[in-house]
Ligand code: NAD
Ligand code: UD1
């Protein structure tokens, strides 16, 4: 009988992690989650179990705790790891760089050591489109030059470099069990599971556009500031590639499957863009929200936000071809699903 695969998900109580846990459980995987709950609540795990009618083995643990991780690897026969755990606020990373390097870079090194010690060398890593810096052209392909404009982005670049080095070393040494690594470069995930039971639950005032729009529409915040209307775009506001978080979550299952394919047979570390290939401006988002939900979004035009770029959207062709994955949900789906979560959980998981 075929053994059920067991996946360790770091950061599995977070926004993208919880959605990925749903997809994994529904596809028949066993799921083990390690999360220190710094930016999430245990309630998210409970809701994933409610949606799927299955159980998660949950450990409240910091990935910097090597002994703790060793215990988890000893307690479960882990086949592969999906690594979401990390800090992600760009502004905060500029003020507290040490914390970001310690948590994201050192945390990943500790995880890699624990994986190596346990002989688990299949990894799917949460990278970001931020590694392309300010791209010279769009759509962005995986072979475009990489750069970072802030410490958060630099942690993603550093981790990508570390993972490439680990993989190269195994290939040079002809290691029998070489690292097989997928670097998933996410564009802008928004939306929620269709149940409305799980979603993005920012701790403070949101930094990102969609949670801010939701909180203005629900009356928690009074006005959206649109950061700049003088970009070289069709209406002057910034253009991004918004992707439904469930499509993104499904991309992780396709990446796991790819790690077992021939093109990973000798070990490799490959990047994949997870985006839709469509760009929408801030005003497109606000207008679509108002049309689809029928609620006004009070906004004003404000100065540009430092560090922002004009346009960013993916060329998803390589992920489509190599992973057999494609984003399927429309912008209206993303907005309707995001709103369902916001409306039924006005205080997030504390509702
Ligand atoms: P999130 O904050 O909701 O989830 C991250 C989870 O990791 C949280 O539950 C947090 O408690 C946990 N965590 C953080 N540090 C930890 C540590 N040291 N030990 C154990 N757990 C720890 O964020 P998310 O939006 O779900 O993002 C997941 C990953 O994807 C992150 O690495 C993020 O940088 C990356 N990413 C996110 C986006 C986005 O727009 N959300 C875009 C690109 C990349
Ligand atoms: C931001 C981060 C990026 C990170 C990503 C996901 C910055 C500079 N970049 O990307 O590194 O990977 O989040 O976490 O922080 N906007 C407004 N008003 C708002 C909020 C946003 O007009 O209140 C605009 C922005 O200027 C941008 C667009 O909306 O044009 C999307 O912004 P956001 O959701 O923050 O994502 P990114 O800036 O793409």
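May I ask you to verify whether residue 83 is surrounded by fewer than 18 Cβ atoms within 10 Å (Cβ to Cβ) and either more than 16 Å from ligand 2 (Cβ to nearest atom) or on the phi < 0 side of the Ramachandran plot (or both)? So that I can check it myself, show each step before the final result.
Working: surrounded by fewer than 18 Cβ atoms within 10 Å (Cβ to Cβ): no; either more than 16 Å from ligand 2 (Cβ to nearest atom) or on the phi < 0 side of the Ramachandran plot (or both): yes.
Considered against the rule, which asks whether it is surrounded by fewer than 18 Cβ atoms within 10 Å (Cβ to Cβ) and either more than 16 Å from ligand 2 (Cβ to nearest atom) or on the phi < 0 side of the Ramachandran plot (or both), residue 83 comes out as no.
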Problem - Number of positions in the range 142-161 that are out of contact with any helix residue (DSSP H, G or I) (no Cβ under 7 Å at 6 or more places or on another chain) and at pLDDT 95 or above - result: 6
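Okay, residues lined up against (1) within 16 Å of ligand 2 (Cβ to nearest atom); (2) touching a helix residue (DSSP H, G or I) at 6+ places or on another chain (Cβ under 9 Å); (3) touching a residue at least 24 places away in the same chain (Cβ under 8 Å):
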| position | (1), (2), (3) |
| --- | --- |
| 293 | no, yes, yes |
| 301 | yes, no, yes |
| 307 | yes, yes, yes |
| 310 | yes, no, yes |
| 316 | no, no, yes |
| 321 | no, no, no |
| 324 | no, yes, yes |
| 328 | no, yes, yes |
| 336 | no, yes, yes |
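So, in the range 305-319, exactly how many residues are away from ligand 1 (no atom under 16 Å from the Cβ) and surrounded by 16 or more Cβ atoms within 10 Å (Cβ to Cβ)?
The total comes to 4.
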Handout entry: Meets criteria (closer than 26 Å to residue 274 by Cα and either within 16 Å of ligand 2 (Cβ to nearest atom) or touching a residue at least 40 places away in the same chain (Cβ under 8 Å) (or both)) for residue 28
Key = no
Fill in the blank from the handout: Restricting the range 32-52 to residues that are within 13 Å of ligand 1 (Cβ to nearest atom), touching a helix residue (DSSP H, G or I) at 6+ places or on another chain (Cβ under 8 Å) and part of a helix (DSSP H, G or I), the one nearest to residue 21 (Cα to Cα) turns out to be 48
Handout entry: Any hit, the range 225-241, residues being under 25 Å from residue 81 (Cα atoms) and touching a residue at least 24 places away in the same chain (Cβ under 8 Å)
Key = no
Completion exercise
Selection over the range 196-225 where residues are surrounded by 16 or more Cβ atoms within 10 Å (Cβ to Cβ) and more than 15 Å from ligand 1 (Cβ to nearest atom) yields a count of 7
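Within the range 200-230, can you find the residues that are closer than 30 Å to residue 325 by Cβ and within 13 Å of ligand 2 (Cβ to nearest atom)?
At the first step, the residues of the range 200-230 found to be closer than 30 Å to residue 325 by Cβ are 200-202, 206-214.
The answer is 200, 202, 206, 207, 208, 209, 210, 211, 212, 213, 214.
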Completion exercise
Inside the range 15-25, the number of residues satisfying the requirement of being surrounded by fewer than 24 Cβ atoms within 10 Å (Cβ to Cβ) and free of Cβ contacts under 8 Å to residues at least 40 places away in the same chain is 1
Handout entry: From 23, 43, residue being more than 18 Å from residue 111 (Cα to Cα) and under 17 Å from the mean Cα position of the chain (by Cα)
Key = 23
Exercise for the section: Mind counting the residues in the range 272-296 that are surrounded by fewer than 21 Cβ atoms within 10 Å (Cβ to Cβ) and within 30 Å of residue 167 (Cβ to Cβ)? Expected result: 1
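The values are calculated or read from the model by the stated rules, or taken from the named source; none is laboratory data. Remember, predicted model here, so these are calculated numbers, not experimental data. With ideal geometry, Cβ positions are generated from the backbone for all residues, glycine too; neighbour counts draw on all protein chains shown.
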